[in-house]
Amino acid sequence: MGWKASMILINKVSKDRNRLLNLMPYVLKSTEQSETLETVIMPDEQNFYLGEFEGSTIICDFGLPFEFYSEELSKFEGDLIEHFPDSTIIALSLISTVNHYGFAIIENGEKARVKVGDSSDPVAFEFGESSREEIALQKDSRIDENGSRIFNFEGEQITEDCLGEEYVFEISKRIFGFSLNGPESDELLFETQLTSYLKS
């Protein structure tokens, strides 16, 4: 199954939702409607979604994860860190049609790891030390004659962009305690409601 997703996950819930909404880089207007996570996990560009699941915050937005994919902290990242001190903040994106994967991990105010790639460039950008999830998935990998990492995954030899989806799913466990695509995710995906907002 191919996945498309663009989301920010935080292991805490905001004490002031209006203040959190005001941190976003655009003005948001509530539609007074809600949708399940499964429906809005990859929203279109004019929509924004905010919800909660078992003590964690979920933001679904088309472009916001890309604010995280650099070495430096963006203003938006800094604002989130200030709003959620001593937290785990994770940005995730997947577009299966081009094997795009991206993730950023911020722990206790420090950007620990960023990695982004796709079919044209399996590791387009990375910053920080490899995460424990990457290390576990790379244990059966090798470097080929072109300097590319090749993985033995479920009996197949694949490049890193093909494995990027697995990075994202494993890292999602840091927030939920289970994988975004795992068998325990039905309540999260199909029952969790996110409030809908329009950008203006």
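Only the coordinates and a few stated rules stand behind these numbers; no lab work does. Computed from a predicted structure; not experimentally measured. Cβ: placed from backbone, ideal geometry, glycine included. Neighbour counts: every protein chain shown.
Miscellaneous remarks
- When residues of segment 1-35 are limited to those that are among the small types (Gly, Ala, Ser) and assigned to a strand (DSSP E or B), the one surrounded by the fewest Cβ atoms within 10 Å (Cβ to Cβ): SER30
- Test: residue in segment 78-96 that is out of contact with any Lys or Arg (no Cβ under 8 Å at 6 or more places or on another chain) and aromatic (Phe, Trp, Tyr): no
- So ASN108, is it touching a Pro at 6+ places or on another chain (Cβ under 9 Å) and surrounded by fewer than 17 Cβ atoms within 10 Å (Cβ to Cβ): yes
- Residue list for segment 51-97, restricted to those being part of a loop (DSSP other than H, G, I, E, B) and crowded, with 19+ Cβ neighbours inside 10 Å: TYR69, PHE84
- Some residue of segment 36-48 being touching a strand residue (DSSP E or B) at 6+ places or on another chain (Cβ under 7 Å), under 11 Å from MET7 (Cα atoms) and in a strand (DSSP E or B): yes
One line per residue, one yes/no per condition, for (1) under 17 Å from the mean Cα position of the chain (by Cα); (2) among the hydrophobic types (A, V, I, L, M, F, W, C); (3) under 28 Å from LEU37 (Cα atoms):
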{"site": "ILE89", "(1), (2), (3)": "yes, yes, yes"}
{"site": "TYR101", "(1), (2), (3)": "yes, no, yes"}
{"site": "LYS111", "(1), (2), (3)": "yes, no, yes"}
{"site": "SER119", "(1), (2), (3)": "no, no, yes"}
{"site": "ILE143", "(1), (2), (3)": "no, yes, no"}
{"site": "GLY164", "(1), (2), (3)": "yes, no, yes"}
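- In segment 17-45, the residues that are within 21 Å of GLY55 (Cβ to Cβ) and free of Cβ contacts under 8 Å to residues at least 40 places away in the same chain: ARG17, ASN18
- Matching residues, segment 131-168, being on the phi > 0 side of the Ramachandran plot and basic (Lys, Arg): none
- Pairs with Cβ under 6 Å, 6+ apart, first in segment 171-200 and without any contact (Cβ under 8 Å) to a residue 60 or more places away in the chain and among the basic types (Lys, Arg), second surrounded by 15 or more Cβ atoms within 10 Å (Cβ to Cβ) and not in a helix (DSSP H, G or I): LYS173/SER179
- Among residues of segment 123-144 that are farther than 25 Å from SER70 by Cβ, those with a beta-carbon under 9 Å from a residue that is of a type in the set (Phe, Trp, Tyr) at least six positions away or on a different chain give the pairs ASP140/PHE151; ASP140/PHE153; SER141/PHE151; SER141/PHE153; ARG142/PHE151.
- Residue check, ALA5 of a type in the set (A, V, I, L, M, F, W, C), under 26 Å from PHE190 (Cα atoms) and touching a helix residue (DSSP H, G or I) at 6+ places or on another chain (Cβ under 7 Å): no
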